Amino acid sequence: MSELCGIFDSHSHYDSAPFDEDRSGLLSSMLGEGSPVCGVIHAATDADSIRFGIDMSRKYKNFYTSVGYHPELQFSLPEDPEGFLEKALERSDKIVAVGEVGLDRHFEGFDAAHQSDLLKMQIEFAQRHSLPLIFHCRDATEDFLDIMREYKPEGVVHCFSGSPETARELLSLGLYLGFGGVLTFKNSKKIKRAFAEVPADRFLFETDCPYLAPEPFRGKRCDSRMIAEVAKCAEEIKGIPAQQLIDLARQNTETLFRIGKDKL
Ligand SMILES: [Zn+2]
């Protein structure tokens with residue numbers, strides 16, 4: 001597929017149904033010798049997804065996980081959401097973040113106040129445990145920024161799709177920005193402009209797989225290897241070689257999530 005290597009996927013959903021057929025074969029080869037992928041972080045979304053991430057983090061050497069509740073699943077929480085997270089932390093030493101958490105005002109029937117409370121609970125939980133966060137924000141920029149200003153959490157805004165102005169504000173608050181397949185889409189001019197401005201030490205690469213495959217795979221099932229295509233597009237925007245961008249993104253991922261040879 002590509003000569004590029006050392007890819008770290010900072011945001012994946014290998015628990016999704018499109019991987020049911022070949023999950024273990026795919027993960028074994030992708031996280032094995034000679035693969036262009038050197039690490040993957042699972043973004044948890046609910047209780048089952050938290051269990052999945054923990055199991056995989058114990059099974060595969062370079063598989064790391066987060067624990068958290070996605071805003072879109074705000075009505076499918078376990079009985080004691082915070083207690084469930086507390087217990088989960090004891091089950092793996094490769095839990096590197098709380099996520100994916102945030103605000104989503106896109107889907108039908110959301111409860112904005114409940115979402116904000118759920119997000120704040122999870123930020124406080126992360127801060128108490130000195131963990132960074134993986135944030136999701138859709139159609140809720142102003143409310144999200146207010147919460148970021150209030151808590152000043154450590155973390156990444158995944159699949160960043162806002163304007164350069166919003167990017168500047170998030171960066172000034174100390175957050176990282178995650179970029180994936182959307183960067184390669186023809187109609188992503190605004191995101192390309194934002195990426196052009198992001199400093200070398202503040203961006204991560206991600207897939208959000210199985211969704212959002214980059215061009216030329218748009219519409220197909222995505223997996224972590226396809227970050228090579230994101231990096232090639234990023235090279236054109238930043239004028240920095242794709243391999244160098246992959247290396248920078250990996251270093252930033254390892255820094256934010258405190259993944260290192262002597263740590264995890
Ligand atoms: Zn996601």
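Each reported figure results from applying straightforward, stated rules to the coordinates on display, with no laboratory input. Keep in mind it's a predicted model, so treat the numbers as computed, not measured. When we count neighbours, we look across all protein chains shown, and the Cβ atoms used for this are built from the backbone with ideal geometry, even at glycine.
I need the shape label for segment 144-264. Rule: rounded when a/c is under 1.5, else prolate if a/b > b/c, else oblate, with a, b, c from the alpha carbon gyration tensor. Could you put the intermediate results ahead of the total?
On the way: a/c = 1.57, a/b = 1.21, b/c = 1.30.
Judged from the Cα gyration tensor, segment 144-264 comes out oblate (a/c at least 1.5, b/c at or above a/b).
Given C-alpha coordinates of segment 1-122, what is the ratio Rg to Rh with the Kirkwood estimate of Rh?
Details: Rg = 15.6 Å, Rh = 15.3 Å.
Over the Cα atoms of segment 1-122, Rg/Rh equals 1.02.
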Among 144, 52, 107, residue whose mean-square fluctuation peaks in a GNM of the chain (springs only between Cα atoms under 10 Å)
107
Which whole-angstrom value gives the distance between the alpha carbon centres of segment 82-111 and segment 17-35?
24 Å
Per 10 Å bin, what is the whole-percent P(r) computed from every C-alpha pair distance within the chain?
7, 33, 39, 19, 2
How high is the relative contact order of segment 3-68, given as a whole-number percent (alpha carbon pairs under 8 Å, six or more residues apart)?
35 percent
Exposure proxy check on 106, 136: fewest-to-most Cβ neighbours within 10 Å is 106, 136
First check a/c for segment 184-227, with a ≥ b ≥ c the square roots of the eigenvalues of its C-alpha gyration tensor; if it is under 1.5, answer rounded, and if not, answer prolate when a/b is larger than b/c or oblate otherwise.
oblate
Note to self, the chain gives a 222 nm [θ] from helices alone (DSSP H runs n ≥ 4, -39500 (n - 2.57) apiece, / all residues, nearest 500) of -12000 deg cm²/dmol
Extended-chain gain in nm, criterion 0.36 nm per residue less alpha-carbon gap, residue 185 and residue 73
37.6 nm
Order of 157, 182 under a 10 Å beta carbon neighbour criterion, fewest first
182, 157
Rounded to the nearest 20 debye, dipole of the chain from Cβ charges on Lys, Arg, Asp, Glu:
860 debye
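How high is the relative contact order of segment 57-122, in percent, counting Cα pairs under 8 Å that sit 6 or more residues apart? It would help to have the intermediate numbers written out before the result.
Numbers: 73 pairs, mean separation 27.7, N = 66.
The value is 42 percent.
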For residue 189, counting only lysines whose alpha-carbon sits under 18 Å away and dropping same-chain residues fewer than eight positions off, the answer is 232, 238
Report relative contact order for the chain in percent, whole number only (criteria: Cα-Cα under 8 Å, sequence separation at least 6).
19 percent
Any cysteines in the chain with zero other Cys Cβ atoms under 4.7 Å from their Cβ? List them, or say none.
5, 38, 137, 159, 233
